[in-house]
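This report concerns only the one structure given below.
The values are calculated or read from the model by the stated rules, or taken from the named source; none is laboratory data. Being a predicted model, the structure only gives us computed values, none of them experimental. Ideal geometry is used to build each Cβ from the backbone, glycine not excepted, and the neighbour counts take in all protein chains shown.
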Amino acid sequence: MKGAIISLGSKSSQMVADAMKRYFKTVDMIQLKEIEVSMGKDGGILYQGNPLKDYDCIYVKGSFRYANLLASIANLLEGKVPYMPIAGSAFTIVHNKLLTHLALQQHNIPMPKTYVSSTVEAAKELLDKVNYPIVMKFPEGTQGKGVMFADSKSSAASLLDALVALNQPFIIQEYIETGGTDVRALVVGGKVVAAMKRKAQKEDKRSNIHAGGTGESVELTRELINIALDTAKALKVDVCGVDILESPLGPLVIEANISPGLQGLSKAVSVDVPNEIARHFFLETEAVVKKNKHHEEKKALAEMKLEDINGSASQEVITNLQFRGDRILLPEIVTKLCKFDDRKEYVLKIKKGKLELEEFKI
């Protein structure tokens, strides 16, 4: 089977690609910036000016700055590539914090109180109602970028004026005191394969590793595991980093990342994180490929109306041969067409590149 990763070529992407080579026959690293997407009657995806090759598994990932391109690529590939771990809709939702929180709200996933206002005047009125400190976020951004803290109405109002001057949308969220710590859980398929507790640097409230935070392995409670799994399911993704605050009132999801960094997590835990991802990709791809092949064989059998075929009928079947050691396994369609019986004996006429098989009759 053939796999590919479409990304910006990050270290984490390369780690997953290297792990995938243990399972897939070939694995290509495809640079996102060299992809073109055309839509319409003759539309498609071009890589370095040529049509994108066929793959059995494609992992699409990248920065929020390329959210529209990533969504376009993933949506065009869905239905054409047997297995894709990230649904096309996820790139629009997860790369926008507002849409992420709406998705969490719809699936009853706990999160901090979050506010969105339509006008500056409404936002300033909101500043009179919230409890301080508060968090102000840009809808787009990762790795702790675009996150600001205000410990009073005056500082919040100053931030608000600056955001308005920059013509930037924003989200207001209650601040949960956890001593500068949070939990990053990595969901792969239907399980959490690794988790770490992150702690912010002194004088910084952001615990993100890219912002200078540190991480150490942590064993999650069943409640935290279920919240992480529910979050990934709500966002329709098979690979997702889920950030959770352990508040006095219970765990709260603050963010999800469908292009999670693996370097910090890999250093913090004993699990081979890239291998967990690669193995899941392989197993899922293999299952889908086998299912599709079985469906095609059943369709071919139906089209040929095997029940009406008599012993003298002749059919041709084009297929790949499957080997188990030195033995050849014939596809199901061949054995049904030939109506082989394991109680009978057969004559094999063999030449190089050719095999004839018929029932032995005295």
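Values as computed for the structure displayed
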item: Residue 128 among the acidic types (Asp, Glu), within 24 Å of the chain's Cα centre (by Cα) and not in a helix (DSSP H, G or I); result: no
item: Every residue from the range 225-237 that is farther than 17 Å from residue 265 by Cβ and not in a helix (DSSP H, G or I); result: 236
item: The range 307-327: number of residues that are at negative phi and either assigned to a loop (DSSP other than H, G, I, E, B) or modelled with pLDDT of 80 or more (or both); result: 14
item: Residue tally, condition more than 26 Å from residue 20 (Cβ to Cβ) and surrounded by 22 or more Cβ atoms within 10 Å (Cβ to Cβ), over the range 70-100; result: 2
item: From 11, 61, 53, 25, residue being among the basic types (Lys, Arg), surrounded by 17 or more Cβ atoms within 10 Å (Cβ to Cβ) and touching a residue at least 24 places away in the same chain (Cβ under 8 Å); result: 61
item: Selected residue (criterion: farthest from the chain's Cα centre (by Cα)) from residues of the range 329-359 that are more than 14 Å from residue 297 (Cα to Cα) and at pLDDT below 80; result: 343
item: Segments classed as strands (runs of 3 or more DSSP E), wholly inside the range 13-63, with at least 2 members that are of a type outside the set (Val, Ile, Thr) and under 20 Å from residue 82 (Cα atoms); result: 26-31, 44-47, 57-60
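Per-residue answers, yes or no, for (1) assigned by TED's automatic domain parsing to the domain that holds residue 137; (2) closer than 15 Å to residue 189 by Cβ; (3) polar (S, T, N, Q); (4) crowded, with 21+ Cβ neighbours inside 10 Å:
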{"residue": "216", "(1), (2), (3), (4)": "no, no, no, no"}
{"residue": "219", "(1), (2), (3), (4)": "no, no, no, no"}
{"residue": "233", "(1), (2), (3), (4)": "no, yes, no, no"}
{"residue": "238", "(1), (2), (3), (4)": "no, yes, no, yes"}
{"residue": "241", "(1), (2), (3), (4)": "no, yes, no, yes"}
{"residue": "244", "(1), (2), (3), (4)": "no, no, no, yes"}
{"residue": "255", "(1), (2), (3), (4)": "no, no, no, yes"}
